[in-house]
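Report on the following structure.
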Amino acid sequence: MWVSNAEAGFRTRAVRTASAVMLTLAAASASLAASPAASTVPILPPTPAWSGKSRTLIARPSDPWITPSEAAGFATTPRYADTVRWLSRLCDASPDLEMVSLGRSPEGRDLWMVVATRGGGSNPAAVHAAGRPIVLAQAGIHAGEIDGKDAGMMLLRDLQPGRRLAGLLDDVSLLFVPIFNVDGHERFSAFTRINQRGPREAGWRTTARNLNLNRDYTKLDALEMRAMVQALVQWDPELYIDLHVTDGGDYQYDVTWGYNGGVGWSPAIRQWLNGALTPAIRSALTAQGHVPGPFVWPLDEDDLSKGIVEATTTPRLSNGYGDARHMPAMLVENHSLKSYEQRVLGMYVLLEASLRVVGHDGGALRQAIAADRARRAESIPLDWKWPSQPATRTFQYLGTYSRRVPSAISGGLRVDWRGLPDNVTLPITTQTEPKAEVTRPRAYWIPAAWSDVADRLALHGIQVDRQTAARDLEVEMYRVTSAKFDSVAFEGHVRVTPKVEKFTQRRTFAAGSVRVPTDQPLGDLAILLLEPQSPESFFQWGFFNECLQQTEYVEGYIMEPMAERMLAESATVRADFERKLLDPTFAGQSRERLQWFYRQTPFFDADARLYPVGRE
Ligand SMILES: [Zn+2]
């Protein structure tokens, strides 16, 4: 038995997924020719009938503000144009709602955001001036997982005067993005989510350029992500909610959510999320007939009894990104095997509870945010290890019974989910051990020639100080001693993992170079983007590959006589060379022997394999 490998995923799993995708493509083209009718009907495990109290939230058929999905009995979800039309009508009718475009997608669609604030407001300054805390909820970052859109439409309706949530906007403002991946949403069909129980048709996970927006938070390749991050910078919400639906196994929970593991980069925020937000959401969902659960991973996919893990991710994903930029962020994963009605209603309840908590406890939340933004940790973890120590805590896990039977199809074991509850006590661990850490430098120096990287830092809202004159200063530099390129592209990049050695030298940074101080609220994020050992660094995403190439060479007929003279002239060179020759590998490589001499000449490129960003 195993639990969900919910699709928000993280790195180790993502790498595995990439090769799985290639295999799937090959299989798909082979089977299309046959394509029997049975291939069009996903066979999902049974799920218990559900009739939670939250069904009372559904508008009556006579209600003029019934949402398209409610009107269809949650069998369908509206297309982009219908969604925008319905929301525009609601905003026109409401004193508190306005629609703003965050930008355009590659296919030219507006990324709409509804601003729900008492008295109305369509720009960050106006909404901030009102003083209420802000929740930004986004649906459809993976457009097939679209529960959040239909839940948010119902919720916006219910914030209207005379309706059940009319008072809520006294305490809090809501920014709601109904569809983040707008182009993916319009790749609309019945065949986008084989493992999800409704709606009948939905959009696609990735963008029109096949980018996964929930892997783009740091590198900012997608226009959609640039628009969203710009919105996060400008609107600076107190809580950022990213709404998904799982892939993977079965369990009893219908709504699961989490933040970013155990330690991360924002300890005060984490304490508020765990202490104030989680209990409130859990009790609201339970009261409305839902089964709330934590967002966890199995330690071993094939053996749940080994326990579950609260994962800590890098800022590639929304929850890791929020953590790294000290913006409270919540990742919500509805369970794909539950009915669409149950899922949409669960998300509505979660959103309502979140708005209430932020509204009532906004003061404490703001203090937590301020504390983390003022914190200047001396040592910054860059990545996290999978837990190596046995768990010391246990967790009452609401699983679903399954059995494993031999399979004639796969030749392996087949998992049969039976849809029946199976409550088990499981060990639970939290990912808290850093895989790599660096000390905090005072600043980074990005040479003028790499201003594209500085531009991306600025998009994150990181303060970058462009120098008008050349600067000569002592900095720490990294030399790349080895660089391992991935064998397949991932999210449009061939990633590279380096080993580096650090040394100190005086360097001149030309006019136009950029100094990035780490003594700023986004200092930790700058570190994660600029340290080459960070999995989220621009280096590892391949933005600095040019540095890994040697571009000047020496001919043997020149180096040979020079080497003879160097040996004759210097006892040290002689002794070093003799010592090197004791290494049989070196001794057997004539080219390497000449290179050894070349590297000791001033002709050799002193900046070979040098990561050009300096640490002040
Ligand atoms: Zn997702």
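Just so you know, all these numbers are worked out from the coordinates, no wet-lab data involved. Since this is a predicted model, take the numbers as computed values, not measurements. With ideal geometry, Cβ positions are generated from the backbone for all residues, glycine too; neighbour counts draw on all protein chains shown.
Quick notes on this structure:
- Remark on region 476-549: hydrodynamic radius 13.7 angstrom, per the Kirkwood mean of 1/r across alpha carbon pairs.
- Region 126-169: radius of gyration over Cα atoms, expressed as a fraction of 2.2 N^0.38 Å: 1.39
- Fully extended contour minus Cα-Cα distance, from D303 to L473, at 0.36 nm per residue: 55.7 nm
- Largest first, the three principal axis extents of the alpha carbons in region 373-486 are 70, 37, 30 Å in whole numbers.
- The chain - percent relative contact order, Cα under 8 Å, separation 6 or more: 14 percent
- Relative to the globular-protein estimate of 2.2 N^0.38 Å, the Cα radius of gyration of the chain stands at 1.09.
- Computed from backbone phi with θ = phi - 60° and the Karplus coefficients 6.51, -1.76 and 1.60, the 3J(HN,Hα) list for region 341-349 is 4, 4, 5, 5, 5, x, 5, 4, 4 Hz; x is used for glycine and proline.
- Cα point-scatterer Debye curve for region 207-272, base-10 log of I(q)/I(0) at q = 0.14, 0.15 Å⁻¹: -0.64, -0.72
- Mean projected area (nm²) of the alpha-carbon convex hull when region 245-372 is viewed from all directions: 7.9 nm²
- Mean residue ellipticity (222 nm) of the chain, computed from DSSP H runs ≥ 4 via -39,500 (n - 2.57), nearest 500: -9000 deg cm²/dmol
- With a simple spin-label model that places each label point 7 Å from the Cα along the Cα-to-Cβ direction, the separation between A280 and E578 comes to 7.7 nm.
- For region 132-172 versus region 294-366, the gap between their alpha-carbon centres in whole angstrom: 17 Å
- Calculated Rg and Dmax of region 120-236 using C-alpha coordinates, Å: 16.0, 46
- Mean projection area, nm², convex hull over Cα of region 520-612: 8.6 nm²
- 3J(HN,Hα) along region 240-257: 10, 10, 10, 9, 10, 10, 6, 10, x, x, 9, 6, 7, 4, 9, 10, 10, 7 Hz, from the Karplus curve 6.51 cos²θ - 1.76 cosθ + 1.60 with θ = phi - 60°, whole Hz, x for Gly and Pro.
- Helix 223-235 and the longest principal axis of the C-alpha atoms of the chain enclose an angle of approximately 80°.
- Rg and Dmax of region 320-379, Cα atoms only, in Å: 15.6, 48
- Violating pairs (Cα-Cα greater than 31 angstrom) within the set K306/K502; K385/K580; K502/K580; K499/K580: K306/K502; K385/K580
- The alpha-carbon atoms of region 43-169 define a convex hull whose volume equals 145 cubic angstrom per residue.
- Helix 278-287 and the longest principal axis of the Cα set of the chain meet at an angle near 30°.
- Between 0 and 90 degrees, the angle of helix 11-31 with respect to the longest Cα principal axis of the chain falls at about 70 degrees.
- Ranked by the mean number of other Cβ atoms within 10 Å of their residues, highest first, the peptides 49-58, 102-111 fall in the order 102-111, 49-58.
- Interchain or long-range residues, amide H under 5 Å from K435's placed H: L382, D383, W384, K385
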